[in-house]
Structures are given as C-alpha cells and as structure tokens.
1. Give the order of A:Met151, B:Met1 when sorted by the count of other beta carbons within 10 angstrom, beginning with the fewest.
2. Can you grab the distance from the C-alpha centre of the range B:142-186 to the C-alpha centre of the range B:264-298, Å, no decimals?
3. I need the shape label for chain A. Rule: rounded when a/c is under 1.5, else prolate if a/b > b/c, else oblate, with a, b, c from the alpha carbon gyration tensor.
4. Express in whole angstrom the spacing between the alpha-carbon centres of the range A:281-300 and the range A:346-385.
5. Less than 20 Å apart at the alpha-carbon level, and either on another chain or at least 8 residues along: which lysines does that give for A:Lys224?
6. Considering only DSSP states other than H, G, I, E and B, which trypsin sites (Lys or Arg not before Pro) in the range A:409-464 qualify as loop sites with at most 16 other Cβ atoms within 10 Å?
7. Which length gain, in nm to one decimal place, applies between B:Leu573 and B:Gln105 when the Cα-Cα distance is subtracted from 0.36 nm times their residue separation?
8. Which whole-Hz couplings ³J(HN,Hα) result when phi for each residue of the range B:15-23 is put into the Karplus expression 6.51 cos²θ - 1.76 cosθ + 1.60, θ = phi - 60°, listed in order with x for Gly and Pro?
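No lab work stands behind these numbers, since they all come straight from the coordinates. Predicted model, so just to flag it, every value in this text is computed and none were measured. Backbone-built Cβ (ideal geometry, glycine too); neighbour counts: all protein chains shown.
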Amino acid sequence: MDNWPLLSTIIFLPLLGAGLLTLIRGRENDIALAAKSTALWVALSNFALTLGLWYSFDRQQEGFQFVESKSWIASSGISYSVGVDGLSLFFVVLASFLTVLCILASWRSITKRVRDFMAAFLVLESLSIGAFLALDTILFYLFFEGVLLPMFYIIGIWGGERRIYAAFKFFLYTFLGSVLMLLSIISLTWIGGTTYIPELMNTDFSIGLQRVLWLGFFVSFAVKTPMWPFHTWLPDAHVEAPTAGSVMLAGLLLKMGGYGFLRFCLPILPDASQFYAPLVFSLSAIAVVYASLVALVQEDIKKLIAYSSVAHMGFVTAGLFANNATALSGAVMQMISHGLVSAALFLCVGVLYDRAKTREIKAFRAIVQPMPAYARLMLVFTLASIGLPGTSGFIGEILTLLGVFQASPATAFALALGMILGAGYMLHLYRRVFFGPPAAMPDKLYDLQTRENFVLISLVLPVVWIGLYPAPLLNIITPDILPIIATAGH
Amino acid sequence: MIVAIPLLPLFASIIVGLFSRRMGAALALFITCLFMIIASILAISLFLSVALRGFETTITLAPWFTVGNLSIAWAMQVDTLSSVMMAIVCVVSTLVHIYSAGYMQDDASLPRFMAYLSLFTFFMLALVSANNLLQMFFGWEGVGLASYLLIGYWHHKDSAARAGVKAFLVNRIGDFGFVLGICATYKMFGSLNFSEIFAMVPDVLGEELVIFNWRFEAITAISLLLFVGAMGKSAQLGLHVWLPDAMEGPTPVSALIHAATMVTAGVFMLCRMSGLFEYSETALATITLFGAATAFFAASVAITQNDLKRVIAYSTCSQLGYMVLAVGLSAYSAAMFHLTTHAFFKALLFLAAGSLIHALSGEQDMKRMGGLRSMMPLTYLLFWVGVLSLAGIPIFSGYYSKDIILESAWASHTIVGQVAFLLGNISVFLTAGYATRMIIMSFHWLPRFEEKLMERVHESPPAMSIPLLLLAIGAISSGFLLKDWFVGEGSGNFWRASIFVEDYHTALQDAHHSPRWVEVLPLFLSVLGIAAGFLCYQIFTSLPARLARILRPIHQFLLEKWYFDKLYNLLFLRSAFSLARALWHGVDEKTIDALGPDGISTVARRLGERLRIMQSGYVYHYVFAILIGVVVFGAFAIAQRL
C-alpha cells in the first residue's frame, strides 16, 4: 500500500463518481434518489480518505509529502505532479468535508436536474482538490481555472432570477485574472526553465522580472480572494447561487486566492512580495473597513454575509504579506475558519430560504420563537464570525492581528476597526431577524429537522474545537510557513 | 480543587444549557445553585489561605496554542489579586443565583437564565485567574457575551434586544484598544504572559513605537491602549453609554454583572497590569483624570433621573470612576478595596431595588412608587444600609474605601491629583444627595402606583430576602474588617507581588498622614448631601421643581445625560450608515461595476449583436479562451526549445 497513489485517488475519485452518475437509468425520481445516494457515498469515501491523509501526514517532515510525479507533455517539460504539505492539507480536508455537507444540504431543496447537480459538485470537488495539490504550474492553472466551469453551471442553472447576470459577471472578472496569470506562468516557465513548483521556489528571478510577473498573479488571485476593488462579482454570485453553491464558493473557492498567494507569490517571487506588501496592506485595510460598512446596510441576508466574506478575506491578505510566522499562520487559520463559518452561515440562510422563499431581512422577526434550536446554532456561527474567543474565528483574527501589527501597526488599526464593525453588522442582523416582538411572519417556519441539525452541528464542533485547541492544526501549518519567511529574509 | 472553582460554574452551565428545554426549573436551580455554593466555599478558603498563609501558585491546565515564539496556555494564576476577585465573584454570584430563584420564579425559560448566569461566572473567573493577556481577553469577551445574552434576555422587548447589541458594540470599541494594546505588547515584549512582560519592562523602557509615522513612547502607548479597553468594560466617561441601557436586563443581572463584577473587570485589569502602568506618568495622569471626570459626570446625572435602576446604574458608573481614579494615583490597593466594598453595597442596592420592582410587578419609575416603607419594612431597612454605605457614613463599608481614595488624591501633591480630589469631593455630596432622593421617593412619599397593585405588594420571599441580608452584612462589615489588610500601613505584605508600585509613588502611604480637614471633609459633604436630600424631597417637596425651573439649562443638560447619546447617534451611527450607503450605491454599483463588468458587457453585447456568432453560452467562450491560452503557452514552450 506504500506506493498507492493516495493523492491521485483523492483527486479523481469524485470525478469517477460523477462519471458513475451518468450511468444511472430509470424514472426521474429513481434517478434523483440514486444520484443523491451515490454522490453522498462517493463524497463520504473521499472525506474518509482525506482524513486518512491527515492521519498519515508526517508533521516532522518539511516540504511536500505523498509526491507523485509523471512526465505528461514531455516536449515542454510539463508534468503531472502532485504533493501535499502543511499549507494545502487542511484545504483538501475542508474541500471533501464541505462537499459532503453540500450534498446533504441539497437533499430536498434541489428538485430540478438532480443528477447533473450532484455531478457538478463532485466535479467541483475533484478540481478544487486538484488545484490545492498540484505541484506543476500548468496543472495548477488547469485545475484552478477548471473549477470555474462547474461553478458557472451551478449558478447558471440552479441559481436565482438574475443568475445569468451574476454568472456573466463572475466569468468576466475571473477571465480577466486568468489571462494575466497565464501570461505570468508562461514567462515563469520560459525563464525558469521548469513548471515544477518546488524547483521554481529555488530559482532566483531578477527583481524587475519578479515585479512584473507578480502583478499577473496578483490580479488573478485578488479577483478570486476577492480583494477590494475586485470584489463586486461576489455579492451577486452569492445571491444568485443556490445554497450549496454559496457554501462551496465562500468555503472553498475564495480560499484558492489566498492559497495562490501562499504557493506562488510568496515563495517564488519573494522580493516582489516584499515590494508590493504596502499595496496589499492598503487594499486589505480598505477591504476590511469598506466591506464591513457596506455589509451594515444590506437588505438581503446572503448579500450581507457575502460582504462579510470580503472583510474577512481582508484579514487574510494582510496576514499573508506581513512576513512573520504569526501573521501567516493566522492568515491560514483565518481561511480555514472562514471556510467553516461562512459555509455554516450560508447553510443557515438556506434553511430560512427553504422555508420562507425569501432572504429579505425585513421579512423576518422574532424567529427565535418558532425556531429556538436554529437560533442557538446561528448564534454560535454569528459569534464565530465576529471572532469571539473560544471560536475558530478568534484564533485566525488574533494571530493575524498580532503578526500584522509587527509589520504595519496602521494596517492593524484598520483590521481592529473591522472587529468593531463586524460585531456591528452581525449582531444588527441577528437582532432584526431573531428578536423583537412577535409578528406576522412567513408561515411554515418550523424548527430544524434532523438532517439540517446534523449538518450544522457537524460545523459547530470543528469551529469550537479549533477555537479552544488549535494546536493540532497550527503544529502542521507553522513548519511549512517558516521556509517562506526565510526565503523573504535573504 | 482550585481548578474546580471556574469549572464548576462551566459544568453547571453546560448541563443546564444543553438540557434546558427538557429540564424542570427546580432541577436547573438546584444544579446551578449547588455548584455555585461549592465553588464559593472553595474560593473563600482559597482566599483565606492566600491571605493568611501567603499561598501562591500558577497552575497550567493545558496548552492553548504555540506559534513561533508565542506560547499561550490555559492557566490559573493564584495570588492575592486573583483570589480576592475569585472570592467576590463567587460569593456575589451565588447570592444572585439564589435570589433569582425567587425573582424569576414565574419566568418560563428559567433554566436558560440560570445557564447564562453560570456561564457568565465561568468567564469572569477565567478572566481574573488568567496568567496571560489572551486568556484574560477570552474571559473579557466571554463576560461581554454573557452580558449581551442577559441584557437581551427578554428578547421580545425591542428595547432589551437593542440594549444588548449596544452594550456589546460599545464594549467592542473598548476591545479595539485592548486588542491593539495586546498586539503592541507582543511587538515590544515578544510575550503575552504577565510575569515575562513585567520582567522585561526595564529593557523596553524608553523605546518607541511608530504608528502612522507618529512616534510614541512604547510603554505609554501600550498603557493607553489597554486603558481604552478598561474604559469600555468599566464604563468610563465616553464609553459609558451602554451601562444605563443595560438596565433592560433582569435586575439580578444588573446586580451581578453591571454592578458587582463584570464592570469592575476594567479596574481589575488595570491593577493586574500595575507592573506596566507604573512606568508611564502620562498614562497614570490620563487615567486619574478620566476616573475623576466619570465620578463627577455620573453623579451629576444621577440626581435628575427618575428610573430607579438607572439611578443606581449611574451611581455604579460614578463609583467605578473612583476606582479608576485610585488606579491613576498608583493606589491600586485602594481601588481594589473600593471594588470589594462596592460589590457588596451595590449588589445589595440593586437586589433591594429588584425586590421593589418585583413587588410592584415591574414598575421602575420612582415617581410611581412611594409609600413602601410600611409595606416592605425589611427591604426598606436593607435599602438604608446600601444608601448609607454608598454615601460613605462611618461604620458602613463605603466610608473606609472612599475616604482612602480621596486622601490619596490629596496626598499625591500633583495638579491632577488635586483636580481629582476636588471632583471626588463634589461627587461625594452629589452621591449622598441622589442616594437620599432615591430612598425618599420610593419609600417615603405617598403611594402613587395603581390601586389594584396595592393588594399585591408584598415583602419578598426568603429566597430573595436571605441573599439581601447576607449582602447587607457584607456591606456593613467589609469596610472595617478588610481595611487593614487591603490599605493598612502593612498592606504590602497582603498584596505581595500581585500589585507593583514604584517607590516614588507614595500617595497611598502619605494618605495615612493626611491633615484632619482632609479626613473629615468627605464625611461632612456626605452628611450635607443627605441633609439636602431630605430638605428637597421630604420637607420642601416643591423645591426641586422650582430649582429645575430656575436652572433650566443645567437641569436639561443633566436630564439628557450631557447629550452623549444624542451626540453619538448623530456623529457615529448616522454617519456610518450614510457613508455605508454611499459606498454601496456610489462606489460599488455606480463606479466599480459601471466601469468594470457592466461597462465591458455593454461593449461586448454591442459587439456580439454585430457578430451574432454566439447563441447563448458564455461557457464555450470561456473554454475557448483557456484553449487559446494553452495553445499560446505551447507555442512559447516550443519556441523556447528551438
């Protein structure tokens, strides 16, 4: 079993599952049910595999593990290379975990083209895990851009009324980014003479070249993260996407931006990263304050949470470029935490939407009365979102702040301001929706069912666990942060 | 056994909280009260062994996290400072738990209420026993959460839900400073553990911190940032606006959280960080001035308010001002002394007020009370104990603690100290005045509540009156029993290393040798204040209204609480919301979108209409783009080989 290609299995098992779904025959209802259960089993098996990967991950060993490398397009040196390290491990686990939850959450709410929906999610899982594990620039590019296809379909087919507009906007932004990133990748390959990322990390590029290439990557990752002012696709995409689509978008796709910075900009282009750090700090500071303010006046719950994502990602980008272990670990923790918390918040919105068919804040009041268990869980996620100590959100925020303050106290001030505003928009939302005098409400508001309860509680547990005892994660993340900082130091 | 002190309330809260809907009220009460009683016994015995035998230790429970050189543990630092706080917190909390059994007996979700109370107690204990700034912050925000939940406990009341959010947010503004203070501490000291920080202060002394290109003396900057945190929690002038609104919560909550314990966390933090604050004269002077201003401001507002609980809330705010003022004078032990006596007499006042409100079925307006002297004689008597303590009459505890603070202010011989002495003494007069006004309006005047309520007015059940009696004993005796330990000539042996005072900060020692007139002045003023209260509200009852007419602008100013709320509303809330809308519609929609995707799409659509190549799918377009990319890349790669 030692030579079993575990990473490739994890990448392609969901894709295989998606292929399996197309073989299902029968009446519409039977297909739907069979597709759902098949997808669930495939996703569960893959989740188990990623947990196995976590378990067998050797945290003493520095660098990439479980590396597989096969020559692919020999003439241009492109290889199929995958490997995992402390930076990518938890995103892989997160991807497989969220896929399971998405399938469960869509069990009843999706009724049209169920098989295609499930297949799209499995494909999405494959491609995103592939992007996190790729060790070859071209392979990464294919996975990274490929992710957009299933997402585009998910928004375009199962989305809301303005889904075409949103999907188009989403496409335009990412298209702009991907073209520039491709140019950068090509130049990197051309000059560096390889597409293998670990080799590129050891290649010295001249400072002038670094600064140009960095910008190409930056635009692509900044769109994906998203950073201000490339963020306006996100609220629209979220509002139109079905619940599970939003979960994947916020929980996973946004993390690819931050991960890209971590994998490309910082280790391969360290001098340019240093050079542009003030720019990133400024944009992050603006993002945090700006997005938090805009979140304050949103009328649609989903849009509010979408803007809160932009603010939280501002913490991430500031942390990534602060060039010290505390900030970088904080940024990675913040990404993981946001992956769990924003996923949970979007699932919570989905619960309301399934019942009332609206997400207008004004449509709700005092729903703590008919839905006490829901109110309680939503409170936990609200608190995690505002970074209350004891939740995962706190670990991410405080480590980022401690680290960013070292590099730029002024940026830390802006981020800390975001902590006040964050509490503002989230508690303002919570009060309006859950509290107040009982009033005429959309009927059929009933409390959580077993399936919904299960999905949300399975998110509460890691959120609280990471908040109280993040050591198991940090012990794996931090060792792989240190070489990045060392690179920057020389 | 020591570890059980914070864990017992935590377990009680988890058990009751998880099964609150399946659990009867009686069982929930039994579990929470029993666990609290045990915790109290442990905390008192711990306090005694620390005080009498000099016991000290730091228990590391578990690691929290380690990143680089930053290592944080869940720990309990047991020394005089923390054991005093643990004892106060546990005792008052236990009494409030028991009192709630009576006060909240008709409430349908009593188990939830008890779970919140116990949860609060846990966070408060985690705060005071921390050995590092981050665990302290954990407890700090945790008590804020419990406060939010309990203020908004009656969440069907819109005002209560709003007050909860307001409390949390204003506290967050304080936490903004606290967090940045923690960050700056980490930057300068490379550690967040108290013992390591204090050991390194001499090395950091004189270093600078650059923020926004401005240079600050590092210790002063850190101290001031941390003080902003204390201002939020301890409701100091400027960040006090949440405390009066917090009275929307049930009265036992007001007694426990918003009088005896949580609001004193700021003062406690300042004392805990004495090893840092001592090195910044600027910070200490600022603290003194804020404390004095708060004491005066809140007392002046209290004399015009008619809501019984709000009067007591402003009174709390004012007394917190005294404690903060004492910290600024380096009289930390005097601050802790006043914190202790205040915990007893203010919890007593609140719970006694709760008995009134309970008897009157929720009425809080003093103008609709009156005549309760004969109907509730025990509560009346206990209320007097609270009032006399608050006013600072000898024998009662407040006398000892307030006097030592004012004497220290005089003995500091600095201009700031003299300002504090002056404002503090004026506040003594005002305090005695509003305390007397309060008791006369609610007990002495003729009944002004509805007839039908009259029959239901009753003396409280034992569950409520027994905690009141115990608190009254504390309010009478804690002053002269503890004064030698806390602020006596040899109090250094009591506090040991838990409080650090620079040798040249001698205000507290010198206070013991104040001239006679300094010692007597506060007492004279407080007797004068009581007399004025009787004169205005008992004898010439038309006098206050006439005074209000003559001094109309001043009266209006005080009645509107110095216009803080209105000003903040206008300055911050409204402008934040209008700025937010401008950013959303003006920048996001009309600038970024219009120039970006929408602009491009318009161009593209026109182009598309002319070309009419694409039918529907942008997806194909997109795949095509990727393909082009790959082809281009291939071309480059091949070109490179050639």
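1. B:Met1, A:Met151
2. 21
3. oblate
4. What the calculation gives is 23 Å, centre to centre.
5. Once the sequence-local lysines are set aside, what remains near A:Lys224 is A:Lys169, A:Lys255, A:Lys302, A:Lys303.
6. Listed in order of number, the matching sites are A:Lys444.
7. That pair, B:Leu573 and B:Gln105, stretches by 164.7 nm at full extension.
8. Here the 3J(HN,Hα) series is 4, 5, x, 5, 10, 4, 7, 9, 9 Hz.
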